[in-house]
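The values are calculated or read from the model by the stated rules, or taken from the named source; none is laboratory data. In this text, all values refer to a predicted model and were calculated from it rather than measured experimentally. All Cβ positions, even for glycine, are placed from backbone atoms using ideal geometry, and neighbour counts span all protein chains on display. The accessibility values were calculated without ligands, DNA or RNA, using every heavy atom of the protein model including side chains. Shrake-Rupley method; radii C 1.70, N 1.55, O 1.52, S 1.80 Å.
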Amino acid sequence: MKKEEQKIVVAVDESEESMYALSWCLENLVPHNNKSTLVLLYVKPPPTVYALDAAGYMFAHDAVSALEKYGSDLVNSVMARAEAVIRNFGTDNPNVERITGSGDAKDVICSTVKKLGADTLVMGSHGYGFFKRALLGSVSDYCAKHAKCPVVIVKHPDDK
């Protein structure tokens with residue numbers, strides 16, 4: 001028996017692939033006649049730790065402040081793009097929650113999905129080849145194996 005209310009988490013970042021995955025989710029997974037909740041999840045990289053002496057403190061404070069502002073601006077930009085995708089989709093938009101995490105993306109995504117009791121996780125695929133994926137790792141591969149709900153990995157049509 002299918003639940004009437006569903007919680008669908010969509011991992012978003014600054015890539016076209018994640019925005020395409022969001023569009024795909026809206027078109028294929030979000031029911032238009034119920035009270036589904038769409039959770040937009042953005043994960044910031046972990047904060048960098050600096051080891052400085054007293055002379056470098058003033059510069060470091062300015063640099064850290066600038067990096068924090070850049071991170072905040074990036075979150076706002078990504079969420080604004082995602083909300084525009086949802087607005088442009090149609091009139092029967094789902095309830096939307098916005099969550100920003102910080103840390104290793106794969107760990108934050110899996111723990112957030114578990115904490116929320118999500119019904120589905122939707123992610124874009126960056127389409128890395130074998131060697132790049134072997135070197136960098138794949139967040140979507142990790143989540144497909146470790147998330148506590150079904151995971152949909154959406155390939156962008158331009159990926160080969």
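See the values below:
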{"quantity": "Count of segment 133-160 residues which are outside any helix (DSSP H, G or I) and at pLDDT 85 or above", "calculated": "9"}
{"quantity": "Answer from D73, D53 - the residue that is loosely packed, with under 12 Cβ neighbours inside 10 Å and at pLDDT 75 or above", "calculated": "D73"}
{"quantity": "Residue in segment 18-29 that is farthest from A84 (Cα to Cα), counting only those that are open to solvent by 40 Å² or more (accessible area, probe 1.4 Å) and in a helix (DSSP H, G or I)", "calculated": "N28"}
{"quantity": "Criterion violated by S111 - all others in (1) in contact with a helix residue (DSSP H, G or I) (Cβ under 8 Å, 6 or more places away or on another chain); (2) at pLDDT 95 or above satisfied", "calculated": "(1)"}
{"quantity": "Residue check, A118 exposed (fewer than 15 other Cβ atoms within 10 Å of the Cβ) and modelled with pLDDT of 90 or more", "calculated": "no"}
